[in-house]
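Reading through the structure tokens given below for one structure.
The values are calculated or read from the model by the stated rules, or taken from the named source; none is laboratory data. This one's a predicted model, so the numbers in the text were calculated from it and none came from an experiment. Methodologically, a virtual Cβ is constructed for each residue, glycine included, from the backbone with ideal geometry; neighbour enumeration extends over all protein chains shown. Heads up: the accessible areas ignore ligands, DNA and RNA and are worked out on the full protein's heavy atoms, side chains in. Shrake-Rupley method; radii C 1.70, N 1.55, O 1.52, S 1.80 Å.
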Amino acid sequence: MSIRSWGATIVSVLLGVSAFLGASVYSGVTAGVARSATPIIARYTDTAFINGVPTFGAISGIDRIGANRFAMISTDVGRAGPARFYTSQFNYTSGVAGFTSNPGIDGGGVLLGPGNIPPLPGAAQYEGIRATSGGYVVVSGGDHQFVRLQSAGPVGTYIRDLGLPSAWRPSKKSGLAGQRGLTGVAVGPRGQISVITAGGLRQDPATSARLLTFGKTNSEFVYRTDPGKSAADVLAINNTDYLVLERGAGRNTAIYWATTRGADQVGGRASLSGAEKAMPKQSIFNTDGTPRLSTGNMAAMAWGNWQPDLPWQNFRTRTLFVVTNNAFAGATKVHSFEVQLPR
């Protein structure tokens, strides 16, 4: 069964007041984050454990593939089997009920590399997965960085890798830098694919993460991480706005609402100075305000179902799930939030 913790933080950006009262409320009128004065609210609701199979663990990506149905990807390649993803049904009800049971694994499959050959041990470090119209897009960090399109089904066949800008291509002095490299992927309303780095490229300041959206002309923006934190995942809200999960020492974690509106376009720049106008962001959740919540290693986010639309409200509520990466050292947790999004 699930474990519920009602502790969270209510924070008013305008008043600078915080109290331990069960929700995280941030005014969206600053930094151009929201389109109106409607507060952006993220309320923690519940936690469940995902009952797995012997090879289940080290989950680094999650995405919605249907009503309360999700796909998850593991960073593991070779230690407990080939590169693989899993599917699960979440029995979650908005409001008081939360998770009505712990989720289990009901399907999934393997992911094949170029030539439709399973990646060799250590040949990938999967950091994110999103559903696309033709299957999935996955990203790998670590020593082998790529953005890859895969087919759906129990065998995720290789389709192609998306080309990265020249400034991103790894070399000794520039490009994607190991654990500061690719860490999350988002798919927007038009099917556009965006990826984010954990931190700066080798030639960039450490906190100057980059958000890249693929298209006929790629767009690229700076996402400035907090000192001592790195971006762990990104999730599209609309064509310009995102949720970004940041993680620091001691598993200190925050979720930010960020936007490309008002940020400098940095596509084509070989290096960054640190003076670029980064994406405005506002925190909607921070583990500092939930000391009694055993978060685990929060690693990836996915939207859940929309809550019923109440036309007299100036916001809509959608469930957000955050999964943990236990690195095979403990149970995989999934935390639920309900996020109020301005219309």
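Here are the numbers:
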item	result
Residues satisfying the stated conditions in region 160-199, i.e. out of contact with any Leu (no Cβ under 8 Å at 6 or more places or on another chain), under 16 Å from T240 (Cα atoms) and open to solvent by less than 60 Å² (accessible area, probe 1.4 Å)	V185, V187, G188, G191, Q192
Single unsatisfied condition, G262 versus (1) closer than 24 Å to S208 by Cα; (2) touching a strand residue (DSSP E or B) at 6+ places or on another chain (Cβ under 9 Å); (3) surrounded by fewer than 17 Cβ atoms within 10 Å (Cβ to Cβ); (4) not hydroxyl-bearing (S, T, Y)	(2)
One residue from T157, T225 being touching a strand residue (DSSP E or B) at 6+ places or on another chain (Cβ under 9 Å), among the β-branched types (V, I, T) and open to solvent by less than 20 Å² (accessible area, probe 1.4 Å)	T225
Residues within region 263-313 that are of a type outside the set (F, W, Y) and over 24 Å from F70 (Cβ atoms), tallied	29
Single residue of R79, R35, R64 found to be modelled with pLDDT of 75 or more, part of a loop (DSSP other than H, G, I, E, B) and open to solvent by 30 Å² or more (accessible area, probe 1.4 Å)	R79
Pick from region 272-324, criterion within 22 Å of the chain's Cα centre (by Cα) and among the hydroxyl-bearing types (S, T, Y), ranking: nearest to V185 (Cα to Cα)	T324
T213 vs. criteria among the β-branched types (V, I, T) and farther than 23 Å from A124 by Cβ	no
Strands (runs of 3 or more DSSP E) completely within region 171-251 that count 1 or more residues being β-branched (V, I, T) and in contact (Cβ under 8 Å) with a residue 40 or more places away in the chain	182-187, 193-197, 219-224, 229-236, 241-248
Residues located in region 234-259, provided they are in contact with a helix residue (DSSP H, G or I) (Cβ under 9 Å, 6 or more places away or on another chain) and surrounded by 14 or more Cβ atoms within 10 Å (Cβ to Cβ)	N252, T253, A254
Of residues in region 144-170 being in a loop (DSSP other than H, G, I, E, B) and of a type in the set (A, V, I, L, M, F, W, C), the one nearest to T87 (Cα to Cα)	A152
Residue count for region 223-252, restricted to those that are modelled with pLDDT of 95 or more and either in contact with a Phe, Trp or Tyr (Cβ under 8 Å, 6 or more places away or on another chain) or under 16 Å from Y44 (Cβ atoms) (or both)	11
First in region 314-327 and closer than 15 Å to Q89 by Cα, second anywhere and open to solvent by 40 Å² or more (accessible area, probe 1.4 Å) and basic (K, R), Cβ under 9 Å, 6 or more apart	F321/R64
